[in-house]
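This report refers to the structure that appears directly beneath it.
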Amino acid sequence: MGRRLLVMGNPAAGGAGEEQRQAVLDALGGEADVVVRVTEQPGDVGRALDEHADRVPVVLGGDGSLHTLVAELQARDELAARPVGLIPMGTGNDMARALGLPLDPREAAMVVLHGRERPMDLLVDDQGGIVVNAVHVGVGALASEQAAPLKPWLRRAAYAVGALLAGVRTKGWRLRVRVDGETVADGRRRVLMVGVGNGTSIGGGTPLTPAARPDDGLADVVVSFAVSPLARLTFGVLLRLGRQRTHADVVTFRARSITVDGEPIPANADGELCPARPSHAWTVHPSAWRVIAPE
């Protein structure tokens with residue numbers, strides 16, 4: 001039989017139903033030696049990796065689940081030794097989009113079975129945390145913060161409400177931004193958002209850094225100074241279209257290191273909200289991990 005797989009996921013999370021999940025497991029089991037583990041609690045991923053050290057870990061989930069697995073492998077110093085499979089069954093699946101993975105889970109299972117190992121870059125922050133797909137600070141992270149208490153009632157619509165509230169309330173932050181040691185924002189102008197992309201999109205397809213490549217040794221960076229009400233509205237529209245770099249108040253860069261400091265500001269890394277703090281920094285680690293990608 002083909003690859004020896006350790007398939008992990010939380011059936012209670014994401015947007016896929018049990019029927020779809022079972023179809024994926026049947027497809028994988030038809031051509032590979034498969035062990036399935038449910039990972040509901042924080043320590044479940046580590047225990048599964050311990051029990052099946054000779055198997056390729058495969059995520060049934062989205063960017064957050066992939067983030068958890070890669071972070072665990074990094075903490076165990078196993079990133080170089082163990083390639084990772086991804087079957088997109090989350091709500092956003094932005095890393096899958098950047099990789100060109102099929103968004104249909106059964107088709108993605110075929111990639112896990114027959115694809116190639118592709119080296120991938122990793123963003124590592126100044127506190128040892130990782131970013132697989134993208135991180136952004138400012139208005140988008142604030143929108144996630146505003147949306148969080150609304151999710152039990154509004155579900156996916158909560159982010160739209162959160163974005164509206166954040167867009168109305170924020171006046172931006174006074175920040176200093178440096179890319180590869182060069183100052184691109186000195187704190188005198190307010191900043192609406194700083195986005196750093198290893199992948200191309202956030203939030204289920206919003207093209208934050210549409211030209212980014214996750215394996216070129218560089219992160220794509222977008223800095224928006226669009227803080228007036230009209231400028232914020234225009235920026236939001238252009239961002240949805242992937243044309244934000246045409247905005248007069250937006251600058252873009254490609255860099256290996258990015259530092260943001262100044263007023264405390266929240267961040268959103270791979271869809272997970274990080275509390276506001278006065279300093280954030282990320283460094284690109286080229287070819288730090290491997291994913292099974294389409295041929």
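Matching residues to (1) surrounded by 22 or more Cβ atoms within 10 Å (Cβ to Cβ); (2) at negative phi; (3) assigned by TED's automatic domain parsing to the domain that holds residue 179:
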position: 215; (1), (2), (3): no, yes, yes
position: 223; (1), (2), (3): yes, yes, yes
position: 239; (1), (2), (3): yes, yes, yes
position: 247; (1), (2), (3): no, yes, yes
position: 254; (1), (2), (3): no, yes, yes
position: 270; (1), (2), (3): yes, no, yes
position: 292; (1), (2), (3): yes, yes, no
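Here residue 281 does not fit the description of being of a type in the set (A, V, I, L, M, F, W, C), assigned to a loop (DSSP other than H, G, I, E, B) and under 21 Å from residue 173 (Cα atoms).
Condition check ((1) of a type in the set (S, T, N, Q); (2) under 23 Å from residue 115 (Cα atoms)) across all residues:
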| site | (1), (2) |
| --- | --- |
| 5 | no, yes |
| 9 | no, yes |
| 17 | no, no |
| 22 | yes, yes |
| 45 | no, no |
| 53 | no, yes |
| 58 | no, yes |
| 68 | yes, yes |
| 71 | no, yes |
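For the stretch 94-145, residues that are of a type in the set (Asp, Glu), more than 21 Å from residue 173 (Cβ to Cβ) and over 16 Å from the mean Cα position of the chain (by Cα) total 3.
Inside the stretch 45-75, residues that are under 21 Å from the mean Cα position of the chain (by Cα) and among the charged types (D, E, K, R) make up a count of 2. Restricting attention to the stretch 218-244, the residues being of a type outside the set (D, E, K, R) and more than 22 Å from residue 93 (Cα to Cα) number 12.
Looking only at strands (runs of 3 or more DSSP E) that fall completely inside the stretch 1-98, which ones have 1 or more residues that are in contact with a strand residue (DSSP E or B) (Cβ under 8 Å, 6 or more places away or on another chain) and touching a residue at least 60 places away in the same chain (Cβ under 8 Å)?
Strands (runs of 3 or more DSSP E) meeting the threshold: 4-9, 56-61, 85-88.
Going by the conditions given, is residue 227 at pLDDT 95 or above and buried (at least 17 other Cβ atoms within 10 Å of the Cβ)? Here the answer is no, as residue 227 does not meet what is asked. Per the listing 95, 120, the residue uniquely in contact with a helix residue (DSSP H, G or I) (Cβ under 7 Å, 6 or more places away or on another chain), buried (at least 23 other Cβ atoms within 10 Å of the Cβ) and either at pLDDT 95 or above or in the same structural domain as residue 43 (by TED's automatic domain parsing) (or both) is 95. The combined condition, being farther than 25 Å from residue 102 by Cβ and surrounded by fewer than 18 Cβ atoms within 10 Å (Cβ to Cβ), is not fulfilled by residue 192. Could you please let me know if residue 8 is under 22 Å from residue 273 (Cα atoms) and not assigned by TED's automatic domain parsing to the domain that holds residue 212? No; evaluated as a whole, the condition is false for this residue.
The values are calculated or read from the model by the stated rules, or taken from the named source; none is laboratory data. Here the structure is a predicted model, which is why all the values come from computation and not from measurement. Counting neighbours? That spans all protein chains shown, and the Cβs are built from the backbone with ideal geometry, glycine included.
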